[in-house]
1. Can you name the number of the only condition in (1) without any contact (Cβ under 8 Å) to a residue 60 or more places away in the chain; (2) closer than 20 Å to Met643 by Cα; (3) touching a Lys or Arg at 6+ places or on another chain (Cβ under 7 Å) that Asp581 fails?
2. Out of all the residues in the stretch 361-399, which are more than 9 Å from the ligand (Cβ to nearest atom), under 25 Å from the mean Cα position of the chain (by Cα) and in a loop (DSSP other than H, G, I, E, B)?
3. Within the stretch 70-78, can one find any residue that is charged (D, E, K, R), under 24 Å from Ser116 (Cα atoms), surrounded by 13 or more Cβ atoms within 10 Å (Cβ to Cβ) and in contact with a helix residue (DSSP H, G or I) (Cβ under 8 Å, 6 or more places away or on another chain)?
4. Tell me which residues, restricted to the stretch 336-357, are out of contact with any Leu (no Cβ under 7 Å at 6 or more places or on another chain), part of a loop (DSSP other than H, G, I, E, B) and in contact (Cβ under 8 Å) with a residue 12 or more places away in the chain.
5. At positive phi, touching a Phe, Trp or Tyr at 6+ places or on another chain (Cβ under 6 Å) and of a type in the set (Gly, Ala, Ser) - does that describe any residue in the stretch 266-289?
6. Among (1) in the same structural domain as Arg176 (by TED's automatic domain parsing); (2) over 30 Å from Thr469 (Cα atoms); (3) among the polar types (S, T, N, Q), there is one condition Ser278 misses while meeting the rest; what is its number?
7. Within the stretch 336-356, which residues are near the ligand (Cβ under 9 Å from one of its atoms) and surrounded by 21 or more Cβ atoms within 10 Å (Cβ to Cβ)?
Amino acid sequence: MNPEKRVLIVSNRLPVKISENEGELAYQNSEGGLATGLGSVYKQGTNVWIGWPGAVIEDGQKDQVREDLKELRLHPVFLTQQEINDFYEGFSNETLWPLFHYFPTYSTYNPQYWESYKEVNQKFADEILKVATKDDVIWIHDYQLLLLPELIRKEIPEVSIGFFQHIPFPSYEIFRSLPWRKELLQGLYGADVIGFHTYDDVRHFISAASRITNTNSIANELIVGDRRVTVDAFPISIDYKKYNELAESQQAKRNERKLKQLINHNKLIISIDRLDYSKGIIHRLEAYQLFLEKHPELRGKVTLIQLVVPSRDNVQKYKELKEEMNRMVSEINGRFSTLGWQPIQHFYRSFPLHLLSALYKAADVALVTPMRDGMNLVSKEYIASKLDQKGVLILSEMAGASRELSDAVIVNPYDIWDFADKIYQALNMPEDEQKRRMVAMQQTVSKFDIFNWVKNFMDKLTEVKANQTALSARIINPSIQQKIGIRYFYGMKRLILLDYDGTLVPFHKQVNAAVPDEELLGMLKTLAEDPHNTVVITSGRDYHTLDNWLGHLPMDMIAEHGAWYKDHGKPWRSRRDLTNDWRQEIYHVMDIYSRRTPGAFIEEKSYSLAWHYRRVEEGLGTLRAHELMADIKHFISDRGLQMLQGDKVIEIKSIAVNKGKAAKRWLERDQYDFIIAIGDDHTDEDTFKAMPEDAITIKVGTNISAASYFLKSYEDVRKLLKELCNAEEAATNQDKDMLLKEAS
Ligand code: GDG
């Protein structure tokens with residue numbers, strides 16, 4: 001991270017709790033994992049943390065709170081009680097939270113909540129805009145603020161924005177049911193980097209983006225207009241050293257001894273979570289009950305300490321969960337307890353950190369078995385606290401942490417029968433196996449700790465911004481466009497090479513719908529009729545179509561990437577060295593794929609075959625294309641053929657044919673003092689590479705390219721061509737010598 005950059009951290013809650021005692025405000029540090037991790041960032045330099053201070057503040061006290069927090073480098077966003085009800089408890093916790101944790105039937109869809117969500121996101125944006133400048137880095141956290149990146153991007157287009165979501169991103173099938181799905185995605189597109197805990201979340205997000213907003217992606221980059229948005233996995237972690245040292249402390253050691261005495265030196269199982277249906281409390285109790293049923297010999301020898309931290313208890317679902325949990329705990333205790341033993345010690349409150357540490361240290365087994373969890377830090381804290389490396393972690397495969405902690409005993413929390421067996425297995429695991437697994441997990445968690453997480457995210461943001469800056473320097477702006485116009489004006493012998501689809505006209509679902517319109521024909525005519533110009537259309541299309549659409553203009557043409565070519569006024573000619581003996585076999589394979597894939601079709605050209613899937617269901621087309629490529633890869637390699645992957649098309653043609661080789665025919669037969677080549681496809685890269693150094697090469701789009709410049713769309717290409725058509729007029733209106741000097 002560039003040390004001079006200021007970082008503005010934004011999260012729903014500030015890392016402090018405000019309380020009021022007899023009119024006096026008190027500020028208490030919050031000990032959450034995020035506060036610890038980001039503490040290392042926000043306390044540096046002039047960094048600031050922006051968020052809600054966690055209490056409704058009276059108007060008369062706001063200035064005071066603002067002042068007090070300023071000293072702590074915190075900037076408050078004040079919320080009213082109504083906003084807390086509708087935005088926080090409503091939309092965030094009753095709509096998004098259940099849906100994103102795969103409890104769609106628990107989700108409430110209420111337009112009033114949605115309105116409040118929008119308003120509060122705007123409120124956050126307004127506060128940020130009071131302090132942010134274009135040189136800051138803004139790092140936004142979590143699902144309460146999904147609209148915020150775009151709200152800021154609109155106002156400060158150049159600023160660096162990172163977004164991290166701490167809870168899962170659900171599969172498209174779940175996310176699609178949300179009435180406001182599109183707005184939420186578009187809100188996030190304002191970020192430069194969007195981070196999740198796991199690759200699955202990344203995959204789900206990219207899939208939702210492509211299906212809901214038609215946003216294309218290349219690997220893990222979304223193409224949003226002329227911007228690239230990187231979506232990546234950054235698994236969060238803990239301050240490993242802190243938990244390790246806590247476990248080492250005398251206080252933790254004393255507490256551990258006391259704890260063991262209290263449970264009569266029984267085997268200790270622990271579970272620690274916030275009261276939440278996503279945490280799998282009920283299934284865990286069922287599995288524990290089943291375990292006690294199946295193993296009467298262990299009754300009296302095992303104790304489960306269940307710590308549940310109160311949370312959201314004015315939301316109906318949480319009230320119901322609490323009742324169900326209490327009922328089950330009493331049922332199990334009532335059923336199995338003896339005079340000297342109780343199978344569950346249940347605590348519904350928060351413990352101080354040193355007690356938590358003692359619990360981690362003392363536990364033979366930790367049950368971390370959520371039904372769904374973004375990451376889950378308790379699992380990592382347990383590992384960091386195990387100084388003697390004894391103890392077993394039973395971890396749900398539904399927790400993000402399971403992707404990293406593969407040495408845990410992994411369970412499916414819905415499979416309570418297997419779960420019960422795994423509890424038994426864990427309690428009986430030989431010590432050397434416990435240690436082997438624990439050492440491996442400690443190595444992972446100590447290396448990939450919270451500081452590493454912050455660094456990885458910030459480094460990515462810096463890298464993405466640097467790439468964007470480099471790219472934007474190559475995008476043709478009005479001044480570069482004017483200079484190209486002037487160079488054109490002074491050219492006496494000009495060569496203009498233009499790709500067709502995606503460069504001069506937009507893409508169409510129907511291949512043959514891309515007919516040139518009047519505006520385009522007019523421009524091409526003007527350029528081609530200029531006696532100083534040679535205009536060449538360099539297309540992958542078949543020559544019949546090109547001839548039909550453009551044959552009446554005084555231009556040269558290259559068809560099928562160079563298999564055919566034509567000088568104006570002369571007939572079409574083909575490369576004599578090309579053969580078609582491979583055709584039947586490839587056609588046969590492509591045909592099999594077309595029959596299996598509704599919407600796919602084969603385009604036959606004289607020296608190539610193209611398999612198109614632009615009308616195929618999203619995702620299925622890519623899957624089939626990969627299968628097809630794998631099938632024909634071996635066939636083409638020893639036949640002098642090549643496979644080209646275009647935009648939703650795979651084309652097979654001779655290796656000897658490409659647009660660059662075709663363009664050389666024009667380069668070699670004349671000397672030009674102005675050359676321009678424009679194209680959007682990767683087949684145009686051959687043209688760019690074949691051009692002399694002083695040629696102007698322009699890529700349409702933002703993909704990596706050998707071209708010297710970029711234009712965003714075919715519309716911008718037309719604007720540039722218009723500039724060339726009018727170059728004469730523009731130059732006569734200005735001082736030509738001055739312009740020439742500028743252009744050089
Ligand atoms: C969200 C995502 C993701 C618990 N009881 C006590 C106590 N805790 C602390 C733990 C731990 C934290 O609370 C819980 O962290 P989790 O990761 O389990 O869950 P969420 O807070 O719901 O967090 C989650 C996380 O964001 C980070 O991205 O992992 O998936 O849902 O640190 O130690 N702390 C104290 N007393 C307690 O009684 N002091």
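1. (3)
2. Once the filter is applied, which keeps residues that are more than 9 Å from the ligand (Cβ to nearest atom), under 25 Å from the mean Cα position of the chain (by Cα) and in a loop (DSSP other than H, G, I, E, B), the stretch 361-399 yields Met371, Glu397, Met398.
3. no
4. Those that are out of contact with any Leu (no Cβ under 7 Å at 6 or more places or on another chain), part of a loop (DSSP other than H, G, I, E, B) and in contact (Cβ under 8 Å) with a residue 12 or more places away in the chain: Gly340, Gln342, Arg349, Ser350.
5. Scanning the stretch 266-289 turns up no residue that is at positive phi, touching a Phe, Trp or Tyr at 6+ places or on another chain (Cβ under 6 Å) and of a type in the set (Gly, Ala, Ser).
6. Going through the list (1) in the same structural domain as Arg176 (by TED's automatic domain parsing); (2) over 30 Å from Thr469 (Cα atoms); (3) among the polar types (S, T, N, Q), Ser278 breaks only (1).
7. Correct list: Leu356 only.
Conditions tested, residue by residue: (1) in contact (Cβ under 8 Å) with a residue 24 or more places away in the chain; (2) farther than 30 Å from Leu387 by Cβ; (3) within 13 Å of the ligand (Cβ to nearest atom).
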| site | (1), (2), (3) |
| --- | --- |
| Asn255 | yes, no, no |
| Asn266 | yes, no, no |
| Pro296 | no, yes, no |
| Gly334 | no, yes, no |
| Leu359 | yes, no, yes |
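The values are calculated or read from the model by the stated rules, or taken from the named source; none is laboratory data. Predicted model, so just to flag it, every value in this text is computed and none were measured. So basically every Cβ, Gly included, is an ideal-geometry build from the backbone, and we count neighbours across all protein chains shown.
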